[in-house]
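Since the structure comes first, as structure tokens, the remarks are kept for the end.
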Amino acid sequence: MFWNTLLMSLRAIQRNALRSFLTILGIVIGVAAVVALLTIGEGAKAQVTKDISALGKNLLSLHSGVSHRPGASLMSARAFNLADVDAIRRDIDGIDHVVPSASARSLVVNSNVNWSTTITGTTADFLPCRGYKLEKGRVFSTAEEASGNLVCLLGATVSKEILDGDEPVGQRIRAGRVSCLVIGVLEAKGQAAMGQDQDDLVLMPIRAFQRRVAGNDDVSPIYLNVSDSWSSTAIKSSVESLMRERRGILPGAEDDFHVRDMQEIASLVQGSASVLTALLSAIAAVSLLVGGIGIMNIMLVSVTERTREIGVRLAIGATSAEVMQQFLVEASVLSGLGGVIGLGLGLGGAALATRGMGMPFLPSPLVATAAFVFSVMVGIVFGFLPARRAAGLNPIEALRHE
Amino acid sequence: MNPIDTVNNPVPLVELKGVHRVFGRGESAVHALAGIDLKVEPGEFLAVMGASGSGKSTCMNLIGCLDRPTAGHYSFDGIDVGALSADQLALLRRHRIGFVFQGFNLLPRTTALENVELPLVYQRVGSAERHRRALETLNSLGLLHRAHHTPAELSGGQQQRVAIARALVTQPVLLVADEPTGNLDSSTSQEIMELLTGLNREQGITIVMVTHEEDMAAFASRIVVFVDGRITRDELREGGTSCSGTPS
Ligand SMILES: Nc1ncnc2c1ncn2[C@@H]1O[C@H](COP(=O)(O)OP(=O)(O)OP(=O)(O)O)[C@@H](O)[C@H]1O
Ligand SMILES: [Mg+2]
């Protein structure tokens with residue numbers, strides 16, 4: 001019987017194709033919007049995760065100054081130095097690389113081509129630590145790191161801008177006021193999550209940078225790679241207590257430095273992305289409600305229009321439960337159909353949008369199932385009133401209806 | 001439900017005893033039926049006549065189990081209809097009674113075949129069997145070639161024949177027809193009446209039919225006349241056609 005009712009309702013919908021389509025438009029739009037938003041949100045989250053992990057695996061960075069609190073304390077914070085780096089290396093287990101860095105904006109010049117970039121003094125471990133690879137040439141030798149020879153590695157962007165196809169390795173360029181030898185070029189890494197160019201940089205040994213470019217011993221930030229089997233939270237707190245001790249911060253006093261955990265930032269960003277997606281989806285879901293009311297409206301009209309039909313069905317022996325079932329099934333088939341069309345449109349839209357934004361397209365079976373089930377439910381809920389009205393008709397009155 | 005033996009059943013198919021049907025209450029109450037006694041034996045072909053508003057349709061609705069009497073008793077084939085629930089009435093209509101209306105009442109934009117299949121859908125007959133029986137019934141009414149046409153594509157006479165096919169496809173014991181020829185021209189009416197007479201004679205189907213026209217009533221084996229909710233005349237027609245039956 002249910003199967004026959006389903007077929008009957010499909011026939012009824014087909015007989016009124018245009019009206020049926022307009023009826024379910026609200027559901028179509030609602031489901032499409034929710035599905036598209038959720039799918040795009042999922043893609044954005046995956047993208048953020050990928051971008052942040054591209055900054056370096058299990059990366060912690062140690063900065064001087066108080067985090068998230070602009071003001072006087074920033075000015076008074078003492079910078080780190082290479083002794084701090086050595087202390088971390090010596091005292092804390094579970095770190096793959098401890099990499100000092102210090103940076104300055106500067107012009108780099110090759111013959112008469114200028115390029116403004118960031119010069120970073122660091123060690124060879126900067127590459128594995130931050131997820132860079134060597135395109136050609138070599139990295140700093142231990143001797144170069146210790147002595148402070150003026151050698152440098154160029155980021156892909158810098159190499160392209162100032163050398164423009166010339167063989168970079170062996171060239172001498174000017175970085176700020178000093179002349180240095182290019183010993184290698186980094187592989188391009190592309191844009192970061194926030195849109196900045198990660199290949200616009202020049203690396204040189206930290207001692208050379210301190211002596212010849214910065215003119216001081218400051219180190220900031222210090223990058224740390226937490227080993228795979230260690231927890232970044234535990235390492236973070238070991239580093240914090242070591243630094244408090246070295247910087248003589250009294251118990252109860254505030255830190256004048258902070259450790260950033262990329263994993264933490266990633267989950268933070270993901271969290272806010274989820275909240276945003278949920279919020280937008282909730283707004284879109286309102287149109288599902290509106291769509292449901294649309295279905296109720298049309299079904300009520302349809303019950304009135306088909307009063308005679310209902311009378312005939314009752315006269316030939318339909319029970320009121322069967323009439324009720326017929327209209328409920330019709331409403332839920334309508335809304336389910338709207339759900340399926342909306343699902344298709346939503347996934348299609350999300351596929352286009354994620355492709356356009358260079359994000360992964362991650363359709364979720366859960367979202368698809370939920371969209372379908374929910375739209376059928378909308379039909380049942382909003383079809384209930386019209387169906388009950390149809391089932392409550394008196395056969396004689398229904399047959400007399402004009 | 002068991003098909004009953006229409007010839008040897010000692011119980012009248014339809015038995016109304018002091019039946020009243022009142023619409024509304026108090027001042028505005030309408031006594032559509034004011035004490036009806038009527039027996040219809042299996043196999044009779046009864047014509048019901050009377051002025052407009054005399055209660056004929058009201059009586060047909062009662063006999064067809066679409067309605068229940070306000071007072072008095074109606075037993076259909078020995079079953080006390082007044083005691084049945086709405087769903088039980090629906091089952092009685094589904095299995096035992098066929099209706100033909102003045103306005104045909106076919107489902108619009110639905111083929112003749114689908115219209116005829118509809119009662120079988122409610123009887124839970126499988127689709128192949130349903131198809132076969134609907135086509136067979138349409139064929140017996142000479143409408144096989146119109147099976148896939150919608151009512152809008154059929155003439156009035158054809159529509160009424162589809163409606164009769166729909167009423168007959170379940171092989172009911174009683175056919176209730178309220179002015180079946182009311183919307184048809186006289187030659188088409190003649191055809192429909194010949195059809196009904198044939199059904200009554202060859203298949204023993206009991207027919208209760210309302211009509212305004214003497215010519216149509218002439219096909220019946222018995223005529224009752226309503227005046228203001230009462231039966232004033234009840235006569236067997238000599239020239240009428242019937243397979244059996246005696247008036248009460
Ligand atoms: N549902 C109803 N509510 C109120 N009054 C009704 C209802 N049905 C019928 N009546 C009244 O009962 C009376 C009998 O009506 P009925 O339809 O049985 O007459 P009829 O003999 O079939 O007339 P016609 O030949 O015009 O079809 C009329 O006065 C009518 O107004
Ligand atoms: Mg009438």
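Read-outs: derived from the displayed coordinates by stated rules, not from any lab. From a predicted model like this one, the values you see are computed outputs, not experimental measurements. Cβ placement follows ideal geometry from the backbone for every residue including glycine, while neighbour counts extend to all protein chains displayed.
The table that follows gives values for the structure above.
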quantity: Rg/Rg_globular for chain B, with Rg_globular taken as 2.2 N^0.38 Å and Rg from C-alpha atoms; calculated: 0.98
quantity: The stretch A:107-241: proportion of alpha-carbon pairs further apart than 21 angstrom, %; calculated: 44 percent
quantity: Sequence ranges A:233-240, A:279-286, ranked by mean other-Cβ count within 10 angstrom, highest first; calculated: A:233-240, A:279-286
quantity: Alpha-carbon Debye profile of the stretch B:73-153, log10 I(q)/I(0) at 0.15, 0.17, 0.21 Å⁻¹; calculated: -0.66, -0.79, -1.02
quantity: Inter-site label distance for A:Leu134 and B:Asp87 at 7 Å from Cα along Cβ, in nm; calculated: 8.4 nm
quantity: Rounded tilt (10° steps) of A:82-91 against the dominant C-alpha axis of chain A; calculated: 70 degrees
quantity: Mean Cβ count within 10 Å, highest first, over the residues of peptides A:30-37, B:24-31, A:59-66, A:108-115; calculated: A:30-37, A:59-66, A:108-115, B:24-31
quantity: FRET efficiency, 1/(1 + (r/R0)^6) with R0 25 Å, evaluated for B:Gln123 and A:Glu305 via beta carbons; calculated: 0.40
quantity: Net charge, B:His31 excluded, C-beta distance under 11 Å - Lys, Arg +1, Asp, Glu -1; calculated: +1
quantity: Environment charge of A:Arg207, counting only residues whose C-beta is closer than 12 Å and scoring Lys/Arg +1, Asp/Glu -1; calculated: -1
quantity: Between helix B:156-168 and chain B: long-axis angle, C-alpha atoms, 0 to 90°, nearest 10; calculated: 80 degrees
quantity: FRET efficiency, 1/(1 + (r/R0)^6) with R0 60 Å, evaluated for A:Val373 and B:Val11 via beta carbons; calculated: 0.65
quantity: Net charge over other residues, Cβ less than 14 angstrom from the Cβ of A:Ser229 (K, R count +1; D, E count -1); calculated: -2
quantity: Taking the stretch A:59-262 and dividing mean pair separation by its residue count, relative contact order in percent (alpha carbons under 8 Å, at least six apart); calculated: 35 percent
quantity: Chain B - percent relative contact order, Cα under 8 Å, separation 6 or more; calculated: 29 percent
quantity: Computed helical MRE - 222 nm, chain B, DSSP H runs ≥ 4 contributing -39500 (n - 2.57), nearest 500; calculated: -9500 deg cm²/dmol
quantity: Rg/Rg_globular for the protein assembly as shown, with Rg_globular taken as 2.2 N^0.38 Å and Rg from C-alpha atoms; calculated: 1.73
quantity: Neighbouring partner chain Cβ atoms per residue of B:107-120, average, 10 Å criterion; calculated: 3
quantity: The stretch B:144-230 pair-distance distribution - Cα-Cα, 10 Å bins, rounded %; calculated: 15, 48, 30, 6, 1
quantity: Partner lysines for A:Lys133 [C-alpha distance under 22 Å; skip if fewer than 8 residues away on the same chain]; calculated: A:Lys50, A:Lys57, A:Lys160, A:Lys189
quantity: B:Arg109 long-range amide H proximity, modeled H, under 5 Å; calculated: B:Ala152
quantity: Potential lengthening between A:Leu385 and A:Met357 on full extension [0.36 nm per residue; Cα-Cα distance subtracted]; calculated: 5.6 nm
quantity: Inter-chain shielding of A:303-316 (mean C-beta neighbours from other protein chains, 10 Å cut-off); calculated: 5
quantity: Most mobile listed residue (B:Ala152, B:Ala218, B:Ala167) in chain B, GNM with C-alpha springs under 10 Å; calculated: B:Ala152
quantity: Highest to lowest packing among A:322-330, A:344-352, scored as the average C-beta count within 10 Å; calculated: A:322-330, A:344-352
quantity: Tail fraction, Cα-Cα pairs, the stretch A:258-395, threshold 17 Å, whole percent; calculated: 69 percent
quantity: Rg(Cα)/(2.2 N^0.38 Å) for the stretch B:1-131, N = residue count; calculated: 1.19
quantity: Whole-Å semi-axes of the stretch A:7-69's equivalent ellipsoid (Cα gyration tensor); calculated: 52, 13, 7
quantity: Angle between chain B longest axis and helix B:86-96 axis [Cα atoms, degrees, rounded to 10]; calculated: 60 degrees
quantity: Charge-dipole axis of chain B as Lys and Arg at +1 and Asp and Glu at -1 on Cβ define it, positive-most pick from B:Gly78, B:Gln158, B:Gly204; calculated: B:Gly78
